[in-house]
Amino acid sequence: MNDLDNTIICRCSDVTLGDIRRLIAEGYTSFDEIKRITRCGMGPCQGKTCQQLIQREIAMATGQPIAALRDQTTRPPATGVRLELVAKEAYRDED
Amino acid sequence: MRTNADIVIIGGGITGCSIAYNLAKKGVTNIVVLEKRYICSGSTGCCGAGVRMQWGTEMNCRMSKFSTEFYEHANDILEYDGDVEFKQKGYLLIADTEREIAQFKKNVEVQHACGIPSRMLTLAEAKEIVPHLNTDILLGAAFCEKDGFLNPFKTTDAFHRAARRMGVEFNTFTTVTGITVENGRVRAVVTDKGTINTPVVVNCAGGFSHDIAQMAGIDIPVYRERHQILVTEPVEPMQDPMVMAFGLNLYVQQSPHGSFIMGRGDANEPRDGRCTSSWRFLEEMAKTVDNVLPAIGKLRVVRQWAGLYNMTPDRQPVYDKSEQVEGFYMAIGFSGHGFMFGPVTGVVMADMITGSEPRIDASGLRLSRFAEGKLFVEPSVV
């Protein structure tokens, strides 16, 4: 394993470039598939760091332009919110 | 893509992958699995991941016990390189009405007759297991330490890889556009990437099972309903079991990774197949969990998602072959329990399709029960 293999691609879940390249070679050639096996894109950053890096790897390995690759579904919330605050706001709206 | 197959399975979720694996194990390997997106991209990949044996009917107890015992050894049986991450720390069912307590007591008797180690708990005992439980609003609880939850992606991946090693062909990003029926028999499955001649098709299409059946001219009484889940930031381990309440309407687990995953049902959810997220769910879920498990209210939600329940009139699945079209089989209508029944589904369907002696009696789940008015009523569902 060389240093490039150990480069962290997903900071939330400690996924390395080596992990990503192995999965692409095994046939997991979309961000969503790699996400479900490795947890990249599921952490607090929600893929804001890893997605573009992984898409670039997939594009290089498969010869497709990045624009042709499917991104993950963007889901709310845009940033982490404490559940008790959401609950408090909901009760306030009901009053 | 193969152009001739003995069996075509439509759907690459836990159901389709488990059936493919079980058929291959019986020696039928000229199988093609068709998946519109990628493996585990549908309902299985969106599910709450729980596996419980605390049911209220003998059949569900028996079937879920089979599935749980399979999942205990899934890594070895499926010879999986990874880990399906079975966290077997129990299900704590909580009740806030006398009616629910009475039901739990009846259920525990049924469970004991099936050899399931469940028991009623006092609120003090429940609080020992889950210290952050707000017992002020509860009346009692039931617990089974052998229940748990596991990683749906890896579990499905394990079935998929095992089936592929035995010769099953998986075609992802392949959409079924039609099913050719001639003289009352299945002849072929048409996809956007070509046609596969086959005498047998198995409908495992989850939220799209109705559409697939229509392609063969078969009408089945199922509909799809959106169900939503949210997940928090990961924290140190603080909750062992899945906490679930039918009346208070929630289920909450802490994944091995540390995040809390939680969901609830809502009869007002859309039935048009959309999988968007709603503000209403976030608010209702936040209110419920903040009330029942206040410590979790302190955590930040990082994502919501949604998937489709494939619902039947009695909220139990259908394992059957069509009487209208020969060669058309279905494992559909799981109504939210498809993942936990995955191992049992594969065995039941593989025996049915190959005409072998059934290893598991699932005769109560045939399609004709709706027309005959013999609904299979399970009291313990969310």
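Within the range B:137-173, if we keep just the residues that are within 12 Å of another protein chain (Cβ to nearest Cβ) and among the hydrophobic types (A, V, I, L, M, F, W, C), the residue that is farthest from residue B:61 (Cα to Cα) turns out to be B:173.
In the range B:60-82 there is no residue matching the filter, namely being of a type outside the set (A, V, I, L, M, F, W, C), under 25 Å from residue B:288 (Cα atoms) and open to solvent by 10 Å² or more (accessible area, probe 1.4 Å). Scanning the range B:91-105 for residues that are surrounded by fewer than 18 Cβ atoms within 10 Å (Cβ to Cβ) and either part of a loop (DSSP other than H, G, I, E, B) or of a type in the set (A, V, I, L, M) (or both) turns up B:96, B:97, B:101, B:102.
Every residue, every condition in (1) within 14 Å of chain A (Cβ to nearest Cβ); (2) crowded, with 19+ Cβ neighbours inside 10 Å; (3) not in a strand (DSSP E or B), yes or no:
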| position | (1), (2), (3) |
| --- | --- |
| B:288 | yes, yes, yes |
| B:302 | yes, yes, no |
| B:306 | yes, yes, no |
| B:310 | no, yes, no |
| B:313 | no, no, yes |
| B:319 | no, yes, no |
| B:324 | no, no, yes |
| B:347 | no, yes, yes |
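In the range B:239-253, the qualifying residues are those that are in contact (Cβ under 8 Å) with a residue 60 or more places away in the chain and touching a Phe, Trp or Tyr at 6+ places or on another chain (Cβ under 9 Å), and the one that is farthest from the other protein chains (Cβ to nearest Cβ) is B:241.
Here residue A:56 meets the list (1) away from chain B (no Cβ under 14 Å); (2) open to solvent by less than 50 Å² (accessible area, probe 1.4 Å) almost entirely, failing just condition (2). Report yes if residue B:280 is within 14 Å of another protein chain (Cβ to nearest Cβ) and either in contact with a strand residue (DSSP E or B) (Cβ under 6 Å, 6 or more places away or on another chain) or open to solvent by less than 20 Å² (accessible area, probe 1.4 Å) (or both), otherwise no. For residue B:280, the condition - within 14 Å of another protein chain (Cβ to nearest Cβ) and either in contact with a strand residue (DSSP E or B) (Cβ under 6 Å, 6 or more places away or on another chain) or open to solvent by less than 20 Å² (accessible area, probe 1.4 Å) (or both) - is not met.
Of all residues in the range B:262-277, exactly one satisfies the criterion of being open to solvent by 50 Å² or more (accessible area, probe 1.4 Å) and of a type in the set (A, V, I, L, M), namely B:267. For the structure I just gave you, tell me whether residue B:15 is within 14 Å of another protein chain (Cβ to nearest Cβ), crowded, with 24+ Cβ neighbours inside 10 Å and at pLDDT 95 or above. When the stated conditions are applied, residue B:15 does not pass them. The number of residues in the range B:219-254 that are modelled with pLDDT under 95 and among the basic types (Lys, Arg) comes to 0. For the range A:41-53, a residue qualifies if it is within 14 Å of another protein chain (Cβ to nearest Cβ) and modelled with pLDDT of 95 or more, and exactly one does: A:51.
Number of residues in the range B:290-300 that are open to solvent by 30 Å² or more (accessible area, probe 1.4 Å) and more than 9 Å from every other protein chain (Cβ to nearest Cβ) equals 1. Of all residues in the range B:352-364 being touching a residue at least 60 places away in the same chain (Cβ under 8 Å) and either under 20 Å from the mean Cα position of the chain (by Cα) or not assigned by TED's automatic domain parsing to the domain that holds residue B:203 (or both), which is surrounded by the fewest Cβ atoms within 10 Å (Cβ to Cβ)? This residue is B:361. Within the range B:219-238, restricting attention to residues that are surrounded by 17 or more Cβ atoms within 10 Å (Cβ to Cβ) and of a type in the set (Val, Ile, Thr), the residue that is farthest from the other protein chains (Cβ to nearest Cβ) is B:220.
Being outside any loop (DSSP other than H, G, I, E, B) and buried (at least 18 other Cβ atoms within 10 Å of the Cβ) is the filter here; which residues of the range B:111-139 pass it? Hits for the range B:111-139 are B:111, B:118, B:121, B:126, B:129. Residues that are out of contact with any Lys or Arg (no Cβ under 8 Å at 6 or more places or on another chain) and more than 15 Å from residue B:159 (Cβ to Cβ) were ranked within the range B:18-33; the one that is least open to solvent (accessible area, probe 1.4 Å) is B:28. Annotation: residue B:337 fulfils all but one of (1) within 14 Å of chain A (Cβ to nearest Cβ); (2) within 18 Å of residue B:246 (Cα to Cα); the unmet one is (1).
Conditions tested, residue by residue: (1) in contact with a Cys (Cβ under 8 Å, 6 or more places away or on another chain); (2) among the hydrophobic types (A, V, I, L, M, F, W, C).
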position	(1), (2)
A:2	no, no
A:16	no, no
A:23	no, yes
A:27	no, no
A:38	yes, no
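Looking at this structure, is residue B:225 without any contact (Cβ under 8 Å) to a residue 24 or more places away in the chain and among the acidic types (Asp, Glu)? Answer is no for this residue.
The values are calculated or read from the model by the stated rules, or taken from the named source; none is laboratory data. Because the structure is predicted, anything quoted here is derived from the model rather than measured. Note that each Cβ is placed from the backbone with ideal geometry, even for glycine, and that neighbours are counted across all protein chains shown. Each accessible area value is taken on the protein alone, full model and side chains, heavy atoms only, with ligands, DNA and RNA left out. Shrake-Rupley method; radii C 1.70, N 1.55, O 1.52, S 1.80 Å.
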